[in-house]
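Participant: Just passing along the structure, written as structure tokens.
The values are calculated or read from the model by the stated rules, or taken from the named source; none is laboratory data. Just so it is clear, the model here is predicted, and its values are computed rather than measured. No Cβ is skipped: glycine too gets one built from the backbone with ideal geometry, and neighbour counts run over all protein chains shown.
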Amino acid sequence: MDEKMGNTIFESLDRDKLQRMLHLKQQYEKGDLSADEAKSRMKNEVGKISPEEFAAAEQLLKDEDPDECRNEDVRTMLDIFEGLIQPDEPGLPYGHPIEAYLRENKKMKELLRKGDELLQKPFILNPWLELMEQVIQYKVHFSRKQNQLYSALERQGFDRPSTTMWVYDDEIRDEMNSALEVLRNGDVNPEFFFDAYTRMTIDLRDLMEKEEMILYPTSLKLIPDDEFEEMKSGDREIGFFLIDMPGLDHRSSAKEEESVEAGQAGLMDDLALLLAKYGKSIETAPKDSIFDVAEGKLTLDQINLIFRHMPVDLSYVDENDLVKFYTDTEHRVFPRSKGVIGREVRNCHPPKSLHAVEEIIEKFRSGEQSKAEFWINKPDLFIYIVYVAVRDKDGTFRGVLEMMQDCTHIRRLEGERRLLTWEKEQHRQNGGEEASYQSVRDLQYSQEPENESGDVSDNDLTGDDSEGEITISAETKLKTLIQRYPRLKDDLPSINPRFSMLKSPMARVVLPIATIKMMSEQSGMPPQELIDKLKDRIATY
């Protein structure tokens, strides 16, 4: 245990105290001490423990069990450390990243209490479906943790959440999917569902206790305030679980623009240093600078625009296994945020798939392989993923390029098209049967029944020829608006950047259930403000 811990706060802690705490905990886990013996000795030999001391002791463990987070009984652990762990009461401001996680957990606990009440009643499908369709949205909580919070902790030398809690996150996510799938499969076996739901709730409650007892207090100690501020934009891009967040006003938007400009200036500084190594320099203003790319001459603005408008997602990992770049496209297949830049690629993937990531990198690095393909094939969804080794003209390994594309639309194409036909025109000619590239997934959902009888809900339209104005309320379905006003889907990101996810495969999950109220909660916009902006946009059509 003599190795450096990689964090000044961890390094400042009493190493002997950490070793005593860890030794007693391991003795209890091995069965060498009873719970009462471990509790007594912990109190006498260790004393009061801060969350960061507990986290630091965990970081000292050399042999990592990927299932540790699940296997560790949080209630027994709390008994052993009863009265010793003293988390701070931070009094966080509204909208702070950790405050958002805590409110999401509070919301989840409310939903689980509703589930406890339903368990005491005879099984009725619709109340359970309504509950689980809310619970399943908690997956965005996991995405934010894995892409944002874990990444920030890694930069501070604390990577235990990435190697243990991530596994637990994914297992609970799978349990959520399984429980909801049981309800959606037609004839529901109540006992089978109750078993799946109970497993999910036990693990969810256990995970939230571990987050609130150790993860969040330790994050507040280790992560600087300025990094939390930087995390907010990435958090907002990924989204939140059924909570309100501070809205964006003109002043905050201006600050974001200033931040983007500052980021571009920083990029130019880095680029200037890189060019200087090769005896070149940037002589003109950044927007006017012309770069000799492999096949052409482009400005930095043009390069960024090309990447942003690519019909595929690209990510680049350099020869040091660090994530250096991803394309910020509107149709992004999987969540990405700025927190991933500079992160070791091994920490960007679930531990259960880590072996495949490492094998790809090593075989690319050795020259044994140069390409690896994967695809995800589900009903109404086909995702193609390819990894390509990047090598310079001398054959030296320079990293890995990852490409992802939602190929669902492409796989549906038949025959041939040799004449120019605009997508919206084609859609009108076919009476709506052939959807445009942008709205194909939404139109599929608009044809699905919303209840067991097969009837559409009151909010659904009766046909495209309806000319009456739609009354928009908190319960209005998003797909109703898009079916009536197809252009709205493309315009939603201009109302709130969070709605850009509706151009990704996530639309398949969101559109069948999304209401204006849910959109408000996910975006942080007050419901009436969102309704007013939707009405203003629709009025232009």
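Participant: Only residues in the range 358-377 that are more than 19 Å from residue 346 (Cβ to Cβ) count as the first member; pair them with residues that are assigned to a helix (DSSP H, G or I), Cβ under 8 angstrom, at least 6 apart or cross-chain, and list the lot.
Facilitator: Matching pairs, first to second residue: 370/364.
Participant: Would you call residue 495 modelled with pLDDT of 80 or more, of a type outside the set (D, E, K, R), crowded, with 17+ Cβ neighbours inside 10 Å and more than 30 Å from residue 185 (Cβ to Cβ)?
Facilitator: Numbers: modelled with pLDDT of 80 or more: yes; of a type outside the set (D, E, K, R): yes; crowded, with 17+ Cβ neighbours inside 10 Å: yes; more than 30 Å from residue 185 (Cβ to Cβ): yes.
Answer is yes for this residue.
Conditions (1) surrounded by 11 or more Cβ atoms within 10 Å (Cβ to Cβ); (2) at pLDDT below 85, marked per residue:
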{"residue": "280", "(1), (2)": "yes, yes"}
{"residue": "283", "(1), (2)": "no, yes"}
{"residue": "302", "(1), (2)": "yes, no"}
{"residue": "312", "(1), (2)": "yes, no"}
{"residue": "324", "(1), (2)": "yes, no"}
{"residue": "328", "(1), (2)": "yes, yes"}
{"residue": "339", "(1), (2)": "yes, yes"}
{"residue": "344", "(1), (2)": "yes, yes"}
{"residue": "347", "(1), (2)": "yes, yes"}
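Participant: On to the next question. Output yes when any residue across the range 422-439 is in contact with a Gly (Cβ under 8 Å, 6 or more places away or on another chain), surrounded by 15 or more Cβ atoms within 10 Å (Cβ to Cβ) and either in a strand (DSSP E or B) or modelled with pLDDT under 80 (or both), and no when none is.
Facilitator: Initial filter on the range 422-439 (in contact with a Gly (Cβ under 8 Å, 6 or more places away or on another chain)): none.
Taking every residue of the range 422-439 in turn, none turns out to be in contact with a Gly (Cβ under 8 Å, 6 or more places away or on another chain), surrounded by 15 or more Cβ atoms within 10 Å (Cβ to Cβ) and either in a strand (DSSP E or B) or modelled with pLDDT under 80 (or both).
Participant: Still on this structure, please answer the following. Take residue 134 and tell me if it is of a type in the set (S, T, N, Q), in contact (Cβ under 8 Å) with a residue 60 or more places away in the chain, assigned to a helix (DSSP H, G or I) and more than 20 Å from residue 99 (Cβ to Cβ).
Facilitator: Values: of a type in the set (S, T, N, Q): yes; in contact (Cβ under 8 Å) with a residue 60 or more places away in the chain: yes; assigned to a helix (DSSP H, G or I): yes; more than 20 Å from residue 99 (Cβ to Cβ): yes.
Considered against the rule, which asks whether it is of a type in the set (S, T, N, Q), in contact (Cβ under 8 Å) with a residue 60 or more places away in the chain, assigned to a helix (DSSP H, G or I) and more than 20 Å from residue 99 (Cβ to Cβ), residue 134 comes out as yes.
Participant: I need a count of the residues in the range 30-70 that are modelled with pLDDT of 75 or more and among the acidic types (Asp, Glu).
Facilitator: Result for the range 30-70: 4.
Participant: Taking residue 239, is it crowded, with 20+ Cβ neighbours inside 10 Å and at pLDDT below 90? Let's see the steps before the verdict.
Facilitator: Working: crowded, with 20+ Cβ neighbours inside 10 Å: yes; at pLDDT below 90: yes.
Considered against the rule, which asks whether it is crowded, with 20+ Cβ neighbours inside 10 Å and at pLDDT below 90, residue 239 comes out as yes.
Participant: Answer yes if at least one residue in the range 190-198 is at pLDDT below 90 and crowded, with 19+ Cβ neighbours inside 10 Å, and no otherwise.
Facilitator: no
Participant: Oh, and also: Name the pairs whose Cβ atoms lie under 7 Å apart, with the first residue in the range 318-338 and within 16 Å of residue 497 (Cβ to Cβ) and in the same structural domain as residue 376 (by TED's automatic domain parsing), the second modelled with pLDDT under 75 and among the hydroxyl-bearing types (Ser, Thr, Tyr), and 6 or more positions between them or separate chains?
Facilitator: 330/500; 331/504; 332/504
Participant: Still on this structure: From the list 395, 399, pick out the single residue that is part of a strand (DSSP E or B), modelled with pLDDT of 90 or more and of a type outside the set (A, V, I, L, M, F, W, C). Can you show your working first?
Facilitator: On the way: 395 fails: part of a strand (DSSP E or B).
Result: 399 is the single residue among 395, 399 that is part of a strand (DSSP E or B), modelled with pLDDT of 90 or more and of a type outside the set (A, V, I, L, M, F, W, C).
Participant: What tally of residues in the range 99-150 results from selecting those that are in contact with a Ser or Thr (Cβ under 9 Å, 6 or more places away or on another chain) and among the charged types (D, E, K, R)?
Facilitator: Matching residues across the range 99-150 total 2.
Participant: Condition check: at pLDDT 90 or above and under 24 Å from the mean Cα position of the chain (by Cα). Does residue 385 satisfy that?
Facilitator: Here the answer is yes, as residue 385 does meet what is asked.
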